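Asker: My questions will all concern the structure given below.
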Amino acid sequence: MSTPVISQFPYRGDPVAPVRLLEVDGTLTGGGGSVPPMDDEQMLSALWLMMLSRAFDDKGTSLQRQGRFGTFSAVRGQEASVVGSALALDPARDWIVPQYRELPALVNHGLPLESFILYFSGHPAGGYIPEGVRLLPIQISIAAQLPHAVGLAWGLRLQGLDAVVLVYFGDGASSEGDFHEACNLAGVVKAPVIFFLQNNGWAISTPRSRQTAARTFAERAPGYGFDGVVVDGNDLLAVYAATRAAVERARAGGGPTLIESQTYRLGAHNTADDPTRYVAEEVLDSWRDRDPILRVQRYLAACGRWNESIAAKAQEEISQTIDAAFAAARAVAPPTAEDLFLHTYAELTERQARQLREYEMPATGPANG
Amino acid sequence: MSVMNILEAIRDALGTEMAADDRVILLGQDIGKFGGIFRATDGLYAQFGGERVIDMPLAEGAIIGSALGLALSGLRPVAEIQFLGFARQAFHQIVSQVARMRHRSRGRFAASMVIRAPFGGGVRTPELHSDAVECQFAQAQGLKVIAPSNPYDAKGMLLAAIRDPDPVLFCEPLHGYRSIKGDVPSSAYTVDFSKANVVRQGNDITLIGWSSAVNVALRAAEALATEGIEATVVDIRSLLPLDVGGIVAAVESTGRCVIVHEAPLTAGFGAEIAATLAREAFYSLQAPIERVTGPDAPYPLAGAEQMYLPGVDRVVAAARRTAQGQ
Ligand SMILES: Cc1ncc(C[n+]2csc(CCOP(=O)(O)OP(=O)(O)O)c2C)c(N)n1
């Protein structure tokens, strides 16, 4: 007699199809009768941010190659994912807790572009977020920001505010313990937080298939007691609609949502990476055909809101914005020895003060005791 | 004023500050109805409710990581980790995130929060529960690492820690939790933990420690007094930042020094103190600085811990050598 199989949660079936509202050719998924969640004006502003992001990636990469900018991670290919999610938030009350690949979301939420440039140029001033801007600093330790987002969302709720927190992270980040601990806690305390997982296919060179055996990342959410959603991350409208629904749920006290945005990194992990070693050109081409920016442009062109002259004007405005931000960043004085110590604590410790004096008077200053 | 042990003094500080400041919330494992595995939060759940005395999932990283988020939201979290050795489960959150938040945001954000955890051996705990890992946090610039040795300091230092704008790792002496008693005012006073405390004055030698080791040093000082060796005993109170001026003055007054701690010798915090004194008090030293510490071995199971711990006999022997050394 064989042992009977006892399994109440069998793992089988096909992965769910991602939510999609805008087809690759720029037509609405449900046909002409369906109503998009954004009007044309909103889509034009979204497109502007997406194009700003793409142009910044180009400019930053070229400056980095010339040694005039630091290593940074481009958004290329993920613009709909980042912009669609950010636009679903209210910058006057909601918070974004970033990873490092979300430039247009940060800009939309109020971060000056030159701050981002300073940060990735290695200037300590780049860590500063202006007062009133509801953003935490960029996170470099993968997934460490996830429990911060839960605590922040929970704390704002405990104080009676109706703010929502959206936290960005990658498919790689979902393998870290912090992801599990954060989702688990968020479910328990019903924190008004949106876990926005950008599944861009890669964590540096590690493919998505090495991060989890699950069919999707989003299906883990029910295990933590809340809902998960898979969206076509190259579809601005789907990302926006799914995020807005999650924001409304969180605001109403319904707790967290895990959104898996299925997108693709159209390029290198960062400017130090060489993806030709591990990404097949055919795969890249298939994703280039699904470019999130083209999709929005096609839609708006069909509505009569986009053409070559509008595009040229937008490009011009965007390059001026970027050039002005780089110029502003270059005008910031280089860091001083004081910058090494300032803000470690609310006040310098005695030891720090002595060490600083030593920088300032290397020959005569006191030793570091 | 009443006589309290260290646990009671801690509980008193928590209750005092929660009553005074409704931003203060407690997070931890089993701290609610149960009152914490050592009863440090006993009665606080009944008094302040489950929204301020919060039982957390069993995940140190999430306790510390979410406490940081709670602090950024404007609350004042005080997180309990059941044993300091288990704070290693949250090491990246404490060292890379909590400690650096102010610095990396150029002062925009501060992790104004406290992490409380008992540490140290001698009470026959299971494996890993006794590890004295406080010095592993003492390189986390941006964090304050403090460790009271008596009930008066426990209350006053904890109140100061909760009010501190910077994050504080508050290491509690597990061994003395109930056995060390002393007078504790009922008022809400603070103790300036940035200053080392001379808990005994003597002219012949200076013994330096923190937490439980201060009490070992005090007992050693009594034994030494019977031999005619009078010891100064210094409780540094804070590892990070270290009160360099305070320890230098205390060693200059005797010219001889023994440092006592539970953690292993190599790269223990005694090394930092000894190197500092070797530079700053060099011309007053009349004998080599000695360190009496745990051996360079993992903390053993309980049956062997008395050999491991730096006991009074070893401190007395080292002090005698140092006092006689030229
Ligand atoms: C804790 C930690 N481990 C390793 C790294 C090095 N690292 C930087 S980015 C990265 C991949 C992250 O992948 P993913 O989370 O999918 O985000 P993506 O870069 O694809 O947006 C790694 C391994 C790090 N920064 N932090």
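Asker: State the number of residues belonging to region B:89-109 that are open to solvent by 30 Å² or more (accessible area, probe 1.4 Å), within 16 Å of the ligand (Cβ to nearest atom) and either touching a strand residue (DSSP E or B) at 6+ places or on another chain (Cβ under 7 Å) or not aromatic (F, W, Y) (or both).
Answerer: 6
Asker: Within region A:127-159, how many residues turn out to be in a loop (DSSP other than H, G, I, E, B) and away from the ligand (no atom under 15 Å from the Cβ)?
Answerer: So the answer is 9.
Asker: A further question on this structure: Determine whether B:V78 is outside any loop (DSSP other than H, G, I, E, B) and over 19 Å from B:P118 (Cβ atoms).
Answerer: When the stated conditions are applied, B:V78 does not pass them.
Asker: Considering only region A:145-176, state which residues are among the charged types (D, E, K, R) and either open to solvent by 10 Å² or more (accessible area, probe 1.4 Å) or within 13 Å of chain B (Cβ to nearest Cβ) (or both).
Answerer: Within region A:145-176, A:R157, A:D162, A:E176 qualify.
Asker: Going residue by residue through region B:32-40, is there one that turns out to be open to solvent by less than 20 Å² (accessible area, probe 1.4 Å), facing another protein chain (nearest Cβ under 9 Å) and modelled with pLDDT of 95 or more?
Answerer: No: zero hits.
Asker: Let me ask another. Is one or more of the residues making up region B:45-58 in contact (Cβ under 8 Å) with a residue 40 or more places away in the chain and either open to solvent by 70 Å² or more (accessible area, probe 1.4 Å) or within 21 Å of the chain's Cα centre (by Cα) (or both)?
Answerer: No, the conditions are met nowhere in region B:45-58.
Asker: State whether the residues of region A:192-200 include one that is away from the ligand (no atom under 15 Å from the Cβ), within 13 Å of chain B (Cβ to nearest Cβ) and crowded, with 19+ Cβ neighbours inside 10 Å.
Answerer: Scanning region A:192-200 turns up at least one residue that is away from the ligand (no atom under 15 Å from the Cβ), within 13 Å of chain B (Cβ to nearest Cβ) and crowded, with 19+ Cβ neighbours inside 10 Å.
Residue-wise test of (1) open to solvent by 60 Å² or more (accessible area, probe 1.4 Å); (2) within 15 Å of B:I247 (Cβ to Cβ); (3) of a type outside the set (D, E, K, R).
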position	(1), (2), (3)
B:E172	no, no, no
B:H175	yes, no, yes
B:S179	yes, no, yes
B:D183	yes, no, no
B:T190	yes, no, yes
B:A196	no, yes, yes
B:G202	no, no, yes
B:I205	no, yes, yes
B:S211	no, no, yes
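Asker: If we only count strands (runs of 3 or more DSSP E) wholly inside region B:213-312, which ones have 2 or more residues that are charged (D, E, K, R)?
Answerer: It comes to B:290-294.
Asker: I want to confirm something. Restricting to region A:276-293 and keeping residues that are assigned to a helix (DSSP H, G or I) and surrounded by 16 or more Cβ atoms within 10 Å (Cβ to Cβ), which single residue is farthest from the ligand (Cβ to nearest atom)?
Answerer: The extreme case among them is A:I293.
Asker: State whether the residues of region B:205-225 include one that is out of contact with any Phe, Trp or Tyr (no Cβ under 9 Å at 6 or more places or on another chain) and over 29 Å from B:A297 (Cα atoms).
Answerer: yes
Asker: Further, regarding this structure: Which residue, of A:T243, A:T212, is among the β-branched types (V, I, T), under 19 Å from A:S81 (Cα atoms) and away from chain B (no Cβ under 14 Å)?
Answerer: Exactly one of A:T243, A:T212 is among the β-branched types (V, I, T), under 19 Å from A:S81 (Cα atoms) and away from chain B (no Cβ under 14 Å), namely A:T243.
The values are calculated or read from the model by the stated rules, or taken from the named source; none is laboratory data. All figures in this text were calculated on a predicted structure; none of them were measured in a lab. Neighbour counts are summed over all protein chains in view; Cβ atoms, including those assigned to glycine, are modelled from backbone coordinates with ideal geometry. Heads up: the accessible areas ignore ligands, DNA and RNA and are worked out on the full protein's heavy atoms, side chains in. Shrake-Rupley method; radii C 1.70, N 1.55, O 1.52, S 1.80 Å.
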